[in-house]
1. Relative to the present Cα-Cα distance, how much length would full extension add between residue 40 and residue 298 at 0.36 nm per residue of separation?
2. Let me see the pair-distance distribution of the stretch 37-132: every alpha carbon pair, 10 Å bin width, integer percents in order.
3. Relative to the first principal axis of the alpha-carbon coordinates of the chain, what is the inclination of helix 288-300, with its axis defined by its Cα atoms, in degrees from 0 to 90 and to the nearest 10?
4. May I ask you to list the residues of the stretch 319-353 whose amide nitrogen lies under 14 Å from a point 7 Å from Cα along the Cα→beta-carbon direction of residue 278?
5. Please rank 146, 293, fewest neighbouring Cβ atoms within 10 Å first, as an exposure proxy.
6. Could you tell me the center-to-center distance, by alpha carbons, between the stretch 176-240 and the stretch 309-358 in angstrom?
7. In what sequence, highest mean first, do 295-307, 54-66 appear when ranked by Cβ atoms within 10 angstrom?
8. How much length is gained on full extension from residue 120 to residue 346, taking 0.36 nm per residue of separation minus their Cα-Cα distance?
């Protein structure tokens with residue numbers, strides 16, 4: 001896979017060793033009530049910075065763990081990271097606690113999870129949004145990856161159709177493949193809309209051909225998201241897709257304050273998961289919870305596989321959320337066109353590409 005080794009190397013560069021800031025059994029992310037008989041298998045998560053209530057990828061992963069507890073009867077443990085200095089000790093705390101599978105949530109955990117997988121026998125390891133570097137990969141490792149450019153293409157097409165100013169925008173948290181893959185699809189979707197309709201809607205914040213654009217260099221500081229969105233709004237953008245974890249909530253705050261700007265959410269359905277439903281046009285959903293659940297389920301059945309999970313439009317691992325309050329405001333013919341484009345992507349008739357695809 002094109003981005004796996006690069007992902008792990010960047011993840012390693014982001015790590016700084018330090019004291020553990022994790023927690024034990026998590027009480028967040030859903031109900032502990034179980035519909036299944038308890039089994040002797042423990043699924044464990046280690047969060048990226050941002051924590052379990054980030055309204056984004058960490059929370060989605062926790063939802064998957066909670067579902068496994070409820071429906072399969074597995075036991076759970078988790079460690080919440082406040083910053084990169086927590087990664088190594090948090091992963092080690094899960095190793096020491098007797099987990100059967102340990103899943104790192106996010107690209108930045110690639111080195112910490114990889115080192116533990118290499119050094120530990122009898123425990124399986126998985127990574128959300130990253131592959132394992134060659135020096136760490138083995139039979140006890142699994143990458144959980146998502147071709148989000150497929151769903152982001154649909155979001156870009158819709159954004160161009162809805163835009164009143166003729167300018168839409170996207171920006172990222174940190175320039176890593178799991179972020180830029182969203183932005184690539186978004187840009188291509190706008191380009192397709194322009195081609196189909198003889199329009200010239202402009203995308204600011206990301207140049208796909210040059211692979212450079214606007215980044216906050218953080219997933220945590222929401223003020224950076226607000227400031228970046230304000231800059232994009234000043235340049236005429238009336239629809240913004242922030243690919244920046246919790247930083248995106250800062251962008252949503254700026255959009256709401258502007259009064260005539262809308263947001264496209266990422267990872268989860270922001271209409272449901274955030275307080276900004278009224279300005280959320282749609283969301284590019286990445287079914288992290290499903291990949292976590294499937295990995296734990298397979299492990300509990302003795303079927304853990306080192307073959308990477310890749311979420312696509314075809315298998316439902318990525319998708320475009322409903323338009324909710326904007327359903328009745330959709331431009332004529334757009335709903336049918338998006339269905340057509342989705343089927344064309346699934347069938348291969350329409351090629352949607354990104355340097356970061358899996």
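Bear in mind that the values in this text are calculations on the coordinates, not laboratory data. This structure is a prediction, so every number in the text was calculated from the model and none was measured. We place every Cβ from the backbone using ideal geometry, glycine too, and count neighbours over all the protein chains shown.
1. On the way: separation 258, 0.36 × 258 = 92.88 nm, distance 1.39 nm.
Answer, rounded to one decimal: 91.5 nm.
2. Over the stretch 37-132, the share of Cα pairs per 10 Å bin runs 18, 53, 27, 2 percent.
3. Taking the Cα atoms of the chain, the angle to 288-300 is about 20 degrees.
4. The answer is 325-326, whose backbone nitrogens lie closer than 14 Å to the label point.
5. On the way: 146 28, 293 21.
Ranked by crowding around the Cβ, least crowded first: 293, 146.
6. 18
7. Numbers: 295-307: 16.5, 54-66: 26.1.
Order by mean packing, descending: 54-66, 295-307.
8. Numbers: separation 226, 0.36 × 226 = 81.36 nm, distance 3.89 nm.
Extra length available between residue 120 and residue 346 comes to 77.5 nm.
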